[in-house]
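The block underneath contains the structure these notes are about, expressed in structure tokens.
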Amino acid sequence: MNTFKVLILTTIMALVAVSNSAVAHIGGHEPMGSEKVVALAQTSAKMLTFNANEMTVGKLDQSWTRVEKSQFILVAENKENFIAKVTNAQNNQTLYFRVSKDGIVSDVAESASFEIKVGHKH
């Protein structure tokens, strides 16, 4: 049983390491919409429980794997980026996800330190 757990964890860590930026990218050339932005933000939150991936927020605790997609919302959009917001009810932590128009999560930060390039801070 322990060997199985180690194998699963090793596989997940390898996938995260190999696909650091690629996993946060949606394939295809369809226009980005709120559904895709939210899906990317949720995937990134789960990935950040394994590895900080050079995001401002760093590595997240395991409670982020249980945050439902419905809790993520699109809060801003400008020429280059979308901003998605989520609050984890288990630890009362709010995060903002900067997602480029081509589907790459470029940063994840806490609300107190995350500057949104639409003229204000959240």
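The values are calculated or read from the model by the stated rules, or taken from the named source; none is laboratory data. Keep in mind it's a predicted model, so treat the numbers as computed, not measured. Positions of Cβ are backbone-derived with ideal geometry, glycine not excepted, and every protein chain shown enters the neighbour counts.
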Candidates Ser111, Ser106, Ser100, filtered to the one that is in contact with a Lys or Arg (Cβ under 6 Å, 6 or more places away or on another chain) and modelled with pLDDT under 95 | Ser106
Scanning the stretch 80-111 for residues that are assigned to a loop (DSSP other than H, G, I, E, B) and among the acidic types (Asp, Glu), which turns out nearest to Asp61 (Cα to Cα)?
-> Asp102
Between residues in the stretch 47-66 that are free of Cβ contacts under 8 Å to residues at least 24 places away in the same chain and residues that are in a helix (DSSP H, G or I), which pairs lie under 6 Å by C-beta distance while being six or more apart or on different chains?
-> Thr49/Gln62; Thr49/Trp64; Thr49/Thr65; Thr65/Lys46
